[in-house]
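These notes are about the structure you will find just below.
The values are calculated or read from the model by the stated rules, or taken from the named source; none is laboratory data. Computed from a predicted model, the values in this text were never measured in an experiment. Here the Cβ is made from the backbone with ideal geometry for all residues, glycine too, and neighbour counts use every protein chain on show. Keep in mind that these areas ignore ligands, DNA and RNA; they rest on the heavy atoms of the full protein, side chains included. Shrake-Rupley method; radii C 1.70, N 1.55, O 1.52, S 1.80 Å.
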Amino acid sequence: MDAFPKCSVCHQQFTLKGPAPYLLPCLHAVCETCVTSAAGGVIPCSTCQREVNLTNTTLLKDVVRQKEIYYLTVKHCPTELLCTNDDGNQAVCWCPECEEFLCEYCQNLHNRFKATRIHVVETLTDTTPGSMHTKPVCKLHSPYPLECFDKSCNILICYKCSRLGDHAGHDLGDVDVAADAAKRRIEQHEKNVSTHHTRHQTYLKSINKAVNDTKKTSSALKDTIHHTFHSLRTQLDQREKELIIDLENQTRQELSNLHTEQVTSEGESERCKWTSDYIKTVLGYASKSDFLTLESSIQDATMTHLRSVPLKMNESPATGFNTKGLDKLKSDISTFGYVSAYGSVATDKGTQTVGCQLADAESIHQHLEYLEVPNDPTPLPGFDAGCESYKGETGTMTPVALQCPQLQLDAARANTDRCHVTTDGQLVNSPPVTQHRHSGRLRKYWGTCASTSIPLPPSPSTVTPAPHNPQYWETQSRVGVVCGGLGWLVLEVGVVEESQVDSEMYVCLQRRSWCVSVGSCDTHWGSLCTIVWQQGEEGKCYSNTMSNTPGTQPTFHYGVVLDVGRGRLAFIDLDREVVLAKVDVEWRESLLPVFGVGPPDDYTVNMKVISGADITMTGTKQSLIYDALN
């Protein structure tokens, strides 16, 4: 029953025996009941929100929908069709000439009478939408059929009408010819409307795309704004720490100077008291000859004391906090940055502005524009599918392509005396249950490497420089604190020249290696830190990396940016959102990404590599990579 058309006013379904449908100018249907009861002579069409004033509009019966209702009734509700002769029997056929439904009994009688036996009846089971046509007859000269088309009046008329009355002498045409011409015009209207509908559908798709692009752009810009102000806050926090350290150093020096003066003054005060006490004793016990003998010694001692006159102390310390320029700094911050309107990119001399153009799907970041994994047709979220690489600009404004190679942990080369690679590709710091012999596995190094090395680019010629070919991958490691010991190393991630990969137990100790590690350091003894290593030398250290309480389960997320063309390597702490180190190196041979783990006595480690299409790129991550490459 859902297939039956409905009235656009009362929303009741049309039925064969119900109120007849009328055609509105908007081509929607309204039932006869709503037409006769229209308040104020106005019919509101709820489908298209148009109103029809009946005072100046004549509605025609919707004969097409009547035929549609008849066909749907035959198809879905045939039991409602009863014989027109009121015998209560269900109709089995329809006679277009008699315009009657006939039951099986009446059909037999219909076929016997001489006047009706030549009528062509239509069996209900054979009814199709194209078969429900009746030959119209003239209402003035029944039963004359409407065989002529009056072009002047634009109506169908019978033969008698064409000879008599108002239609005499009018330009007449053949009904079939006029109908075919009208059909062709209607078909053309359908094509025009369909074309217009297609244009709107295309426009709606572009609007939907603009909506999605706007949301993606807003999200990306939000990440960029968060990262920008996070960097500013970090810089402010760093400046605060520097000022506090400077103040503490000056305070320590001032207190040390005051302590020295205090000790000196206390000693001189004590000596003065001794001299004064002795002089009092002399005055009490000495004879005249003693006075003459001791006067010179007492005078010398007194002059010695008087020459060490104490300095006058200031009432308050001279140290202060200079806030010169604070008002200007506050003013600059209050006007720093603004979001330009969608569809335009605003630039400001001396600044870097992130702009977005939705119409042509341009960049959502000024310097890092697109990212797509090579050989993978699916682009990463927030970027166009049409590009083939990750286009960006370095500090030299030279376009580069950031690749995200598909890295795999080499299970066959893992040092299975210390660790193993699971079936789902995770490096675990424990030997496998079953040991397998493999001549190529690592013997010294506590970990494994990538299954393929990264070759160096061809030597640059005098004409063409070495191509930039930066690559990026990540690691995510879950660590579990077992007993809270201070293991020298928990985990490490880095690169090493291929010939050195198995020269030491940890890559941070190997020559020609560069990595970031988590473990104890020489600077903060007793705590676990994040440390950057270069060619076996301990570099910058980041303290308070993790708690050493048993049961703690921290997760570490590091990114590696490698540009062999420019000789640049950088490590990113994706949790802290900071570039840990940027290293410029002249490499001598192919590089291997390496992944190491410490012994399992104190910590458990599960490390996985995130690369290729598995990398999720965000605005913050883009900014960090851009920082690492510049």
Review point. Over the chain, what relative contact order in percent results from Cα pairs under 8 Å that are six or more residues apart?
Key: 9
Check your understanding: Separation between the VAL433 and LEU292 pseudo-spin-labels, each 7 Å from Cα along Cα→Cβ, expressed in nm?
Key -> 11.3
**Study point:** Built amide H within the under 5 Å cut-off of ALA581, gap 5+
**Key:** PHE571
Review point. Projected area of segment 558-609, taken from the Cα convex hull and averaged over every viewing direction, in nm²?
Key: 5.0
Point to revise | Extension gain, ASP166 back to VAL578 (0.36 nm per residue minus Cα-Cα distance, nm) | key: 139.0 nm
Check your understanding: Rounded if a/c is under 1.5, else prolate if a/b is larger than b/c, else oblate: which is segment 1-107, with a ≥ b ≥ c the root eigenvalues of its Cα gyration tensor?
Key -> prolate
Exercise for review: Just name one of ALA581, GLN553, THR523: the one whose Cα is farthest towards the positive end of the charge dipole of segment 508-599 (beta-carbon charges, Lys/Arg +1, Asp/Glu -1).
Suggested key: ALA581
Check your understanding: Dipole of the chain, Cα-centred, from +1 at each Lys and Arg C-beta and -1 at each Asp and Glu C-beta, to the nearest 20 debye?
Key -> 1180
Check your understanding: Percent of accessible area on the chain owned by carbon and sulfur, 1.4 Å probe?
Key -> 54
Review point. Using modelled backbone amide H atoms (1.01 Å from N, in-plane), which distant-in-sequence or interchain residues come within less than 5 Å of GLU100's amide H?
Key: CYS95
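Accessible area per residue for the chain in Å², computed with a 1.4 Å probe and the full protein assembly in place, what is it? Please report the intermediate quantities before stating the final value.
Details: 38570 Å² over 630 residues.
Roughly 61 Å² per residue, with all protein chains present.
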Check your understanding: Normalised by the number of residues in segment 434-587, what is the relative contact order in percent for Cα pairs under 8 Å and 6+ residues apart?
Key -> 23
**Study point:** Furthest towards positive pole of dipole, LEU204, SER265, GLN188, structure part segment 176-328, Cβ charges
**Key:** GLN188
Review point. Could you give the dipole magnitude of segment 57-102 about its Cα centre, charging the beta-carbon of Lys and Arg +1 and that of Asp and Glu -1, in debye to the nearest 20?
Key: 300
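Among the helices of the chain (complete DSSP H runs), which have Cα atoms covering no less than 20 Å along the helix axis and a Kyte-Doolittle mean of at least -1.0?
Helices meeting the criterion: 288-307.
How much mean residue ellipticity at 222 nm does the chain get from its helices, if each DSSP H run of length 4 or more adds -39500 (n - 2.57) and you divide by all residues, to the nearest 500 deg cm²/dmol?
Calculated mean residue ellipticity at 222 nm is -10000 deg cm²/dmol.
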Study note, to complete from the structure: With no solvent term and unit scatterers on the alpha-carbon positions of segment 252-293, Debye gives log₁₀ I(q)/I(0) at q = 0.23, 0.30 Å⁻¹ of -0.75, -0.92
Exercise for review: Order these peptides, 16-23, 618-625, by their mean beta-carbon neighbour count within 10 angstrom, highest first.
Suggested key: 618-625, 16-23
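To the nearest 20 debye, what is the magnitude of the charge dipole of segment 130-253 about its Cα centre, counting +1 on the Cβ of each Lys and Arg and -1 on the Cβ of each Asp and Glu? Kindly include the intermediate steps, with their values, before the conclusion.
Values: 19 positive and 16 negative charges, 34 e Å.
Taking the Cα centre of segment 130-253 as origin, the dipole is about 160 debye.
Based on the alpha-carbon gyration tensor of segment 148-225 and its eigenvalue square roots a ≥ b ≥ c, which shape applies: rounded if a/c is under 1.5, prolate if not and a/b is larger than b/c, or oblate?
prolate
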Check your understanding: Across all directions of projection, what mean area in square nanometres is found for the Cα convex hull of segment 50-179?
Key -> 11.6
Point to revise | the chain: projected area of the alpha-carbon convex hull, averaged over directions, in nm² | key: 66.5
Practice item. List the relative contact order of segment 74-224 as a percent without decimals, with contacts defined as Cα pairs under 8 Å and 6+ residues apart. Key: 11
